[in-house]
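Enquirer: Below is a structure I'd like to ask you about.
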Ligand SMILES: [Zn+2]
């Protein structure tokens with residue numbers, strides 16, 4: 001009787017996707033503790049440690065015999081300290097009312113602004129530019145400008161900006177330590193042929209001491225799905241070896257995936273296909289496949305699986321685009337798709353991309369579509 005009960009307890013998680021688990025992963029990765037999985041407060045490292053712990057507790061194998069972490073260093077401009085901006089004497093809230101652009105150098109000054117065009121103001125003596133934006137969208141950069149650019153949220157302004165008082169600290173880190181995390185489920189028939197699935201686990205990090213960017217949709221959602229898929233395949237090994245790579249530093253310019261293809265731990269020629277997952281939290285309006293026009297027969301196969309399974313309302317084909325970690329693979333001759341879901345809240349690279357507002361409404365559909373596609377890839381190749 002005991003064995004039977006155990007069997008039924010294990011059944012739901014081992015046979016399919018586990019939305020509760022994926023939710024838990026998103027909540028952890030998007031929490032203040034991980035501080036936007038970026039470049040201050042050890043955010044990215046904390047996220048990496050969490051992923052490794054999850055893989056270890058699922059008894060998964062590292063892709064590299066030396067461990068799950070494939071380490072590298074990179075330059076990055078960070079904002080670990082003061083982040084104060086007042087315009088016309090009014091103190092603004094970082095993230096909500098203003099952003100400092102990622103390439104900006106720090107500045108401690110006050111003065112007057114001169115309008116330079118409809119949406120820009122400047123103080124040339126301090127190399128300061130102020131731009132008025134309909135939406136605040138942050139990024140991450142590995143270089144520093146000679147000046148400082150502040151983006152002001154139009155909705156937060158009541159009058160034309162004329163005076164400023166700014167105290168912003170930046171710290172350029174030339175050799176920030178980051179790591180891709182890679183795990184493997186050995187193939188049962190063709191262990192030396194690979195299907196690689198990926199998702200970047202980093203996000204933008206924090207801006208000052210009180211503001212961080214949660215990145216629930218971008219890309220805690222894809223990271224959670226990838227962990228769930230890795231755990232699923234560890235219970236269901238495939239004819240081909242399945243590789244799962246959690247990329248670091250995607251937001252800083254696809255840095256982690258570039259490092260991976262330039263220092264490949266496996267022969268790139270042995271990778272049958274790469275499926276990169278980013279922005280997986282929606283799907284009520286379908287999904288887009290970058291590189292669909294490059295790999296037409298694979299896209300047709302994916303569409304058929306989607307239609308047969310009634311998974312997502314529509315799959316949009318898109319051409320080549322250097323907009324996520326699939327890019328370096330297809331540039332190196334490895335067939336690759338990048339799938340991102342459509343619909344849901346418009347939060348992107350801002351403080352509102354929080355786990356509380358992540359729909360994850362098509363999680364099960366996306367998971368099943370991906371599993372179906374992986375099966376089709378292997379059927380095709382073994383025939
Ligand atoms: Zn992303």
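FYI, it's all coordinate maths here, none of it is from the lab. All of these numbers come straight from a predicted model, not from anything done at the bench. As a convention, Cβ positions derive from the backbone with ideal geometry for all residues, glycine included, and neighbour counts pool all protein chains shown.
Enquirer: First check a/c for the chain, with a ≥ b ≥ c the square roots of the eigenvalues of its C-alpha gyration tensor; if it is under 1.5, answer rounded, and if not, answer prolate when a/b is larger than b/c or oblate otherwise.
Expert: Details: a/c = 2.02, a/b = 1.97, b/c = 1.03.
Prolate is the answer for the chain, as a/c is 1.5 or above and a/b outweighs b/c.
Enquirer: By how many nm would the segment from residue 93 to residue 356 grow when fully extended, if each residue of separation counts as 0.36 nm and the alpha-carbon distance is taken off?
Expert: Here the answer is 92.6 nm.
Enquirer: Rounded to whole Å and ordered largest first, report the semi-axes of the equivalent ellipsoid of the range 214-264 derived from its Cα gyration tensor (root of 5λ).
Expert: 23, 17, 5
Enquirer: Okay, moving on. For the chain, take the longest principal axis of its alpha carbons; what is the angle in degrees between that and the long axis of helix 2-15, to the nearest 10 within 0 to 90?
Expert: Computed tilt is about 60 degrees.
Enquirer: What is the extension gain from residue 53 to residue 125, computed as 0.36 nm multiplied by their sequence separation minus the C-alpha to C-alpha distance, in nm to one decimal?
Expert: The residue 53-residue 125 span can extend by a further 20.9 nm.
Enquirer: Shape of the range 231-301 from its Cα gyration tensor (a ≥ b ≥ c, root eigenvalues): rounded if a/c is under 1.5, otherwise prolate when a/b > b/c, or oblate?
Expert: Verdict is rounded for the range 231-301.
Enquirer: At q = 0.25, 0.28, 0.35 Å⁻¹, what log₁₀ I(q)/I(0) does the range 164-205 have when each alpha carbon counts as one equal point scatterer in the Debye sum?
Expert: -1.03, -1.13, -1.29
Enquirer: Bin width 10 Å, alpha-carbon pairs only: give the P(r) of the range 335-383 as whole percents, running from 0 to the bin holding the largest distance.
Expert: 19, 37, 27, 13, 3
Enquirer: Ranking request for peptides 354-363, 129-138: highest mean number of other beta-carbon atoms within 10 Å first, then the rest in descending order.
Expert: Peptide ranking by packing, descending: 354-363, 129-138.
Enquirer: First measure r as the distance between the Cβ atoms of residue 133 and residue 189, then evaluate 1/(1 + (r/R0)^6) with R0 = 35 Å and state the FRET efficiency to the nearest 0.05.
Expert: Step by step, r from the Cβ atoms, then E = 0.05.
Enquirer: On to the next question. Could you tell me the center-to-center distance, by alpha carbons, between the range 172-218 and the range 315-383 in angstrom?
Expert: Spelled out, the Cα-based centre of one part sits 15 Å from the other.
Enquirer: Further, regarding this structure: Can you classify the range 259-383 as rounded, prolate or oblate using the Cα gyration tensor, where a ≥ b ≥ c are the square roots of its eigenvalues, rounded means a/c under 1.5, and otherwise it's prolate if a/b beats b/c and oblate if not?
Expert: It comes out oblate by the Cα gyration axes.
Enquirer: Another one. Apply 1/(1 + (r/R0)^6) to the Cβ-Cβ distance of residue 236 and residue 331, taking R0 = 30 Å, and write down the FRET efficiency to the nearest 0.05.
Expert: Numbers: r = 31 Å, r/R0 = 1.04.
Between residue 236 and residue 331 the formula returns 0.45.
Enquirer: Now for a separate question. Let me have the relative contact order for the chain, percent, based on Cα pairs under 8 Å that are six or more residues apart.
Expert: 20
Enquirer: Here's something else I'd like to know. Given the range 183-286, report the % of alpha carbon pairs whose separation exceeds 24 Å.
Expert: 30
Enquirer: Now, a different point. Where does helix 296-309 land angle-wise versus the long Cα axis of the chain, in degrees 0 to 90, nearest 10?
Expert: Taking the Cα atoms of the chain, the angle to 296-309 is about 80 degrees.
Enquirer: Could you give the angle, 0 to 90 degrees to the nearest 10, between helix 363-382's Cα long axis and the longest principal axis of the Cα atoms of the chain?
Expert: 50
Enquirer: Now for a separate question. Which order do peptides 282-288, 58-64 fall in by mean Cβ count within 10 Å, highest first? Walk me through the numbers on the way to the answer.
Expert: Values: 282-288: 20.0, 58-64: 15.7.
By packing density, highest mean first, the sequence is 282-288, 58-64.
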